[in-house]
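Q: Right, I'll just put the structure down here and ask away after.
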Amino acid sequence: MRTIFVTPVESEVRLLKRPESLLCSTPAGLYSPAGDFYIDPVRPVERALITHGHSDHARSGHAKVMATQQTLDIMGLRYGASFAGETQAAELGKPIGLNGVSISFHPAGHVLGSAQIAVEKDGMRIVASGDYKRRADPTCLGFEPVACDVFITEATFALPVFRHPDSRDEIAKLLKSVEQFPERSHLVGAYALGKAQRVIRMLRDAGYDRTIYIHGALGKLCDYYETQGIALGPLAPATIEKGSTSDFAGAIVIGPPSAFLDRWARRFPDPVSCFASGWMRIRQRARQGGVELPIILSDHCDWDELTGTITELGPQQVWVTHGREEALVRWCDLNGFAARPLHLVGYEDEGD
């Protein structure tokens, strides 16, 4: 995989003496004093750079928003056309000057439109990766390693217990259950942006060509994915107003996890409860959620992918945020990387 290299500087001591002057942690989120902008702020600000469209990173109400065109489109679908005062689309890999700071967006591999944001000034480059994954995903561009002096990484699954299995094997497990229980519907909980479309596309790639039924919350986003060249095959609303519960026998039904906690889920015949998430590695969590068929499918890196990415990039500093920060900081310390937690708040695991 291609890595973008930065130009060497004369003095590493000078280079990293004050990286906080370029990017630092504040109650509103990551802030650039030099460029006067925020990255994924948790409250309305004058200028926001957004890594991807999940609601814990992309909020409405900012005066100015810069993001990839796909992320801007997704924010419009989720919040309405007036989600920000002004918007500016960032082209992947193309530097943009902002108050003397160079900014560039690079694929993060998390969901459609997701990007890392590289911030550079006076020979110093900090990469805020946002949420990212290293696994192949047929619904979005893969992660692009960007060499940097400071790498800001998430830590959602930053514990050695989290080692994600082969994604194709997890989809095969779902299809095997559908074959074994043709009289039952399979209700798959999957987050509306990214995970649901990934599950659908992977089912198609595995040869499943039947109609997949979706909750109404997925409709607009699935339609948008189609406009971006991601074929999802035949989809239909998961409603029974004009039919009966028997219509869904043997069917795969996909909806947001919250939908399976209300009356909507009770309309299906003896459903097999499924949940596509990296958290399904924890059996107790699956049992507590009443999940009969856990599908371990994550849109975040596992432990080996997090540590492997840091090793590959070789940054002089690692800043760790939203997740199991302490374990990853400890690993960095043991492996020769200067690291510290950012303790940012307001970011959840919606994308998984």
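Q: Mind checking which residues of the range 41-52 are open to solvent by 10 Å² or more (accessible area, probe 1.4 Å) and in a loop (DSSP other than H, G, I, E, B)?
A: If the condition is that a residue be open to solvent by 10 Å² or more (accessible area, probe 1.4 Å) and in a loop (DSSP other than H, G, I, E, B), then Val42, Arg43, Pro44, Val45, Glu46 are the ones that fit.
Q: Between Ser60, Ser55, which is open to solvent by 40 Å² or more (accessible area, probe 1.4 Å), at pLDDT below 95 and under 19 Å from Leu193 (Cβ atoms)?
A: It is Ser55.
Q: Additional query: Collect the residues in the range 138-172 that are among the aromatic types (Phe, Trp, Tyr) and in a loop (DSSP other than H, G, I, E, B), keeping them in residue-number order.
A: The answer is Phe143, Phe157, Phe162.
Q: Which numbered condition trips up Lys133, out of (1) of a type in the set (Lys, Arg); (2) open to solvent by less than 10 Å² (accessible area, probe 1.4 Å); (3) assigned to a strand (DSSP E or B)?
A: Lys133 satisfies all of (1) of a type in the set (Lys, Arg); (2) open to solvent by less than 10 Å² (accessible area, probe 1.4 Å); (3) assigned to a strand (DSSP E or B) except (3).
Q: Taking only the range 156-198 into account, find how many residues are surrounded by fewer than 24 Cβ atoms within 10 Å (Cβ to Cβ), of a type in the set (Lys, Arg) and either touching a Ser or Thr at 6+ places or on another chain (Cβ under 7 Å) or more than 30 Å from Glu326 (Cα to Cα) (or both).
A: Number of matching residues: 4.
Q: Then there is this: Within the range 199-211, identify whether any single residue is of a type in the set (D, E, K, R), over 22 Å from Ala259 (Cα atoms), modelled with pLDDT of 95 or more and surrounded by 13 or more Cβ atoms within 10 Å (Cβ to Cβ), and answer yes or no.
A: Yes, because at least one residue in the range 199-211 is of a type in the set (D, E, K, R), over 22 Å from Ala259 (Cα atoms), modelled with pLDDT of 95 or more and surrounded by 13 or more Cβ atoms within 10 Å (Cβ to Cβ).
The values are calculated or read from the model by the stated rules, or taken from the named source; none is laboratory data. Given the structure is predicted, the values throughout are model-derived calculations rather than measurements. Positions of Cβ are backbone-derived with ideal geometry, glycine not excepted, and every protein chain shown enters the neighbour counts. Calculation scope for accessible area: heavy atoms of the full protein, side chains included, ligands and nucleic acids excluded. Shrake-Rupley method; radii C 1.70, N 1.55, O 1.52, S 1.80 Å.
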